[in-house]
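One structure is given here, and the rest of the page talks about it.
Please treat every number below as a calculation from the coordinates, not as lab data. Keep in mind the model is a prediction, meaning the values are calculated, not measured. So basically every Cβ, Gly included, is an ideal-geometry build from the backbone, and we count neighbours across all protein chains shown.
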Amino acid sequence: MTSETETSSSADVLQDLDSGWFIYTIKQIELGLRIPTEEVAEQAGLTTAQFTALAVLERWPGITSSELARRSFVRAQTMAENVSVLLESGFIQRERDPENMRRFHLYITDTGHDTLSSGRSAMDDLEAKLLVALTPRDREEFAKHLRNVRRALRDLPR
């Protein structure tokens with residue numbers, strides 16, 4: 001149970017935050033991660049967007065290109081370009097939807113899994129360095145809050 005002192009000090013911290021502090025801090029984190037994540041993806045022979053697309057397809061096999069774009073927070077046209085490269089490289093395959101012949105479902109191939117795995121341990125190491133100061137419980141709470149913020153993004157225009 002949270003004590004009254006903890007509650008009031010938490011409220012004081014929030015009052016001290018300038019308008020836009022969260023967005024600014026999230027952007028700082030994103031920019032700080034850009035080069036390390038690009039390096040990890042590059043070592044696997046991919047761009048960051050391609051690495052992300054493979055990771056998304058590994059988790060949600062059979063989604064469409066437009067769904068892949070939504071889950072990767074990029075425009076459909078941008079994802080179409082990445083999908084073309086991934087198809088040509090043999091990292092993913094597409095299968096026609098038997099119920100809608102114009103729709104294709106995307107799947108990561110064994111080559112795609114191997115390529116993704118080659119970068120996964122470096123990505124895991126990077127993540128561990130970021131979270132080293134958090135206890136396991138703090139990590140669970142942080143993950144919960146990040147998922148909530150990510151869900152809220154779905155309602156924003158792109």
Review point. Okay, which of region 40-64 sit inside 13 Å, backbone N to the point 7 Å along the Cα-Cβ direction of residue 81?
Key: 47-50
Exercise for review: Hand me the trypsin sites (Lys or Arg not before Pro) from region 61-111 located in a DSSP loop with no more than 15 other Cβ atoms within 10 Å, in residue order please.
Suggested key: 75
Check your understanding: Based on the Cα atoms of region 97-138, what semi-axes does the equivalent ellipsoid have, where each is the square root of 5 times one gyration tensor eigenvalue, given in whole Å with the largest first?
Key -> 36, 16, 6
Review point. Which ³J(HN,Hα) values, rounded to whole Hz and listed in residue order, are derived for region 132-140 from phi using the Karplus coefficients 6.51, -1.76 and 1.60 in 6.51 cos²θ - 1.76 cosθ + 1.60 with θ = phi - 60°, glycine and proline given as x?
Key: 4, 7, 9, 6, x, 5, 4, 5, 4
Revision key, fill the gap. Checked against the positive end of the charge dipole of the chain (+1 on Cβ of Lys and Arg, -1 on Cβ of Asp and Glu, about the Cα centre), the farthest of 29, 106, 142 is 106
Check your understanding: Anyone know which of 105, 113, 145 comes out most mobile in the 10 Å Cα GNM of the chain?
Key -> 145
Study note, to complete from the structure: The answer for the per residue Cα convex hull volume of region 58-158, in Å³, is 140 Å³
Study note, to complete from the structure: Taking region 18-76, the whole-percent share of alpha-carbon pairs separated by over 14 angstrom is 64 percent
